[in-house]
Every structure is written in structure tokens, then in C-alpha cells.
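Sharing a structure, written as C-alpha cells. Questions coming.
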Amino acid sequence: QTVPRSDGLELVFVSNLRRANAEKEYITNNHRPADLMKLNTKALKFGWGEEHRHNYGPGGQGYGHVMLLNIKKLVHPVSIGSGIMLEGTDDPPLQKGLRQARGEGATVVWCHNSFGLEDIPNWFSGTVDAQNIFDGGSHDSYEKTFYRYLNVGLRVPFSTGTDWFIYDFSRVYVKMEGELMPERWLSALRKGRSYITNGPLMELRCGKYDIGDIIAIDNPQKLVFRGTACGRNDFRKLQMVYNGKVVAETS
């Protein structure tokens, strides 16, 4: 409760993660939904999740990492393969766990930009809901992550979070209606009503449309976009990017 309040957070997902030997010190693995419900206050809500992942070796490439959020029970195996568990084979692929989690109402968030070999197959099979970028490490740039998916016709809502809190302080914000609850927040995230930031708060609208909306027009017409941002630190300027190029900016 103390750390999220110091950072001004309103919703925090606490995850379960298995990693041979190191997991002995993961106190978050002791938490279950009933425990987190006891920590809820009017200003701060908690949700439960799992980091479902595969590695070929310590910190190396593998099938990928995903967050399974708002789960009802752990999806097993939590971590796959001898690279992270020091035993067993590289079976099964992540998709099996993703399908199980989504079938039970969970939200699936791919982690670490485009890190992992199963990202594109799982996006095309409809088993991923959002993409974490800049959530620890430096796996590809924003441009490579974003346009890599757009260029193959995918609509990818973006998210982020703290992985190694020493250096990654990006947060994800979504616009939602009604009381803040994990289920409502995740629904807005899946619809793409999100933006990520390490400081400035932003707003972008096009007429009556907000971030995440799809604008369907039958004939060519002029669209007017309005964006605002505010922050305690000087972020210097705002830019609007279209097809990878800056088309407007203001200082």
C-alpha cells in the first residue's frame, strides 16, 4: 500500500513468477486474490496476475514473456523450460497457457516490446490483448515495436509497467467510466484507450473521438486533432506522428 501511494498509483497488479532458486525470495508469490482484496481502499485497488514465460537461458531469448492479468487461478506451468526452471523440456508453447487464461476471462499482455519468438503468431491467433513496451530492458525501440505490428495489419493496444524498478518508471493510463475496478480498467486497455508515460499526462481527441476509437469515414474529409499535455518537468514539445513521420509539433 505504501509504495503505490508514494507513486500516485490507483491500480496495481501483483504477479506470481517462478524462477528456479531465485523464487525463494519472491514474497509476491505468497499473495492470492483474497489477500489482495484485504489491501483494497477507495483510492487504491489491487489485482492478481501471473508472469507466464519461457527462456532458452538466463535472460536470453525464448518463446516470450506475458502477463496474465485478473486470473482466477494460476496457469501451470507458470514458467516453461529448463532455461528458467533448470529442469524439463521446452514444452508446451506459451499459446496453450494464453488460451486457458483468456477462456477464464483473463487479459493477456505481451512483455518487453517484441522480445520472444511467439509474439506475432499469438497476435494473429487473437490470444494477446495488449503490448508492454519499455517495461524493463531495451528490447527494440518504440518505432520498431510499434510499426512492426502496424505494418502487418495488427491493431495493438499499448501498455507498460515496472519490471526492474531501478530504471523503468513508465506507467500506463487508460480512460474509463465509473468506479475504478480491475475488470473495467482492463476492458478499457483492451480497447486501446491507453497511453504510456514516464511523467507528462496527455490527452488526444479528434472531434468526439478519444484514444482507442476507430474513425470510419466514407469520403475524404478534414480531421482536426487536439492534443494537450502537462507535467512537472519540462518535456519541451509535443509531436504528432503519422506513418512514422512527424507531421506537426508545438513547443
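The values are calculated or read from the model by the stated rules, or taken from the named source; none is laboratory data. Worth saying up front: this structure is predicted, and the values here are computed from it rather than measured. Positions of Cβ are generated from backbone atoms using ideal geometry, with glycine treated the same way; all protein chains shown enter the neighbour counts. Just so you know, the surface numbers come from the protein's heavy atoms only, side chains and all, with ligands and any DNA or RNA stripped out. Shrake-Rupley method; radii C 1.70, N 1.55, O 1.52, S 1.80 Å.
Every residue, every condition in (1) modelled with pLDDT under 95; (2) under 29 Å from TYR26 (Cβ atoms); (3) within 10 Å of the chain's Cα centre (by Cα), yes or no:
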residue	(1), (2), (3)
ASN132	yes, yes, yes
ASP135	yes, yes, yes
TYR147	yes, no, no
THR160	yes, yes, yes
ASP163	yes, yes, no
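Among the numbered criteria (1) closer than 19 Å to MET176 by Cα; (2) open to solvent by less than 80 Å² (accessible area, probe 1.4 Å), which single criterion is violated by LYS208?
(2) is the only condition that LYS208 fails.
Going through ARG53, ARG99 one at a time, which residue ends up being touching a Ser or Thr at 6+ places or on another chain (Cβ under 9 Å), basic (Lys, Arg) and surrounded by fewer than 24 Cβ atoms within 10 Å (Cβ to Cβ)?
After ruling out the rest, the residue left standing is ARG99.
Here's a check for you: in segment 211-247, which residue that is touching a residue at least 12 places away in the same chain (Cβ under 8 Å) and not in a loop (DSSP other than H, G, I, E, B) is most open to solvent (accessible area, probe 1.4 Å)?
ARG226
Hey, can you tell me all the residues within segment 168-195 that are more than 27 Å from LEU150 (Cβ to Cβ), of a type in the set (Asp, Glu) and either open to solvent by less than 90 Å² (accessible area, probe 1.4 Å) or part of a loop (DSSP other than H, G, I, E, B) (or both)?
Answer for segment 168-195, where residues must be more than 27 Å from LEU150 (Cβ to Cβ), of a type in the set (Asp, Glu) and either open to solvent by less than 90 Å² (accessible area, probe 1.4 Å) or part of a loop (DSSP other than H, G, I, E, B) (or both): GLU177, GLU179.
Could you list, in sequence order, the residues of segment 56-69 that are open to solvent by 40 Å² or more (accessible area, probe 1.4 Å) and touching a strand residue (DSSP E or B) at 6+ places or on another chain (Cβ under 9 Å)?
TYR63
If you go through segment 109-147, how many residues are touching a Ser or Thr at 6+ places or on another chain (Cβ under 6 Å) and either among the basic types (Lys, Arg) or part of a strand (DSSP E or B) (or both)?
The qualifying residues number 3.
Could you go through segment 31-54 and let me know if any residue there is at positive phi, free of Cβ contacts under 8 Å to residues at least 40 places away in the same chain and not charged (D, E, K, R).
No, every residue in segment 31-54 fails to be at positive phi, free of Cβ contacts under 8 Å to residues at least 40 places away in the same chain and not charged (D, E, K, R).
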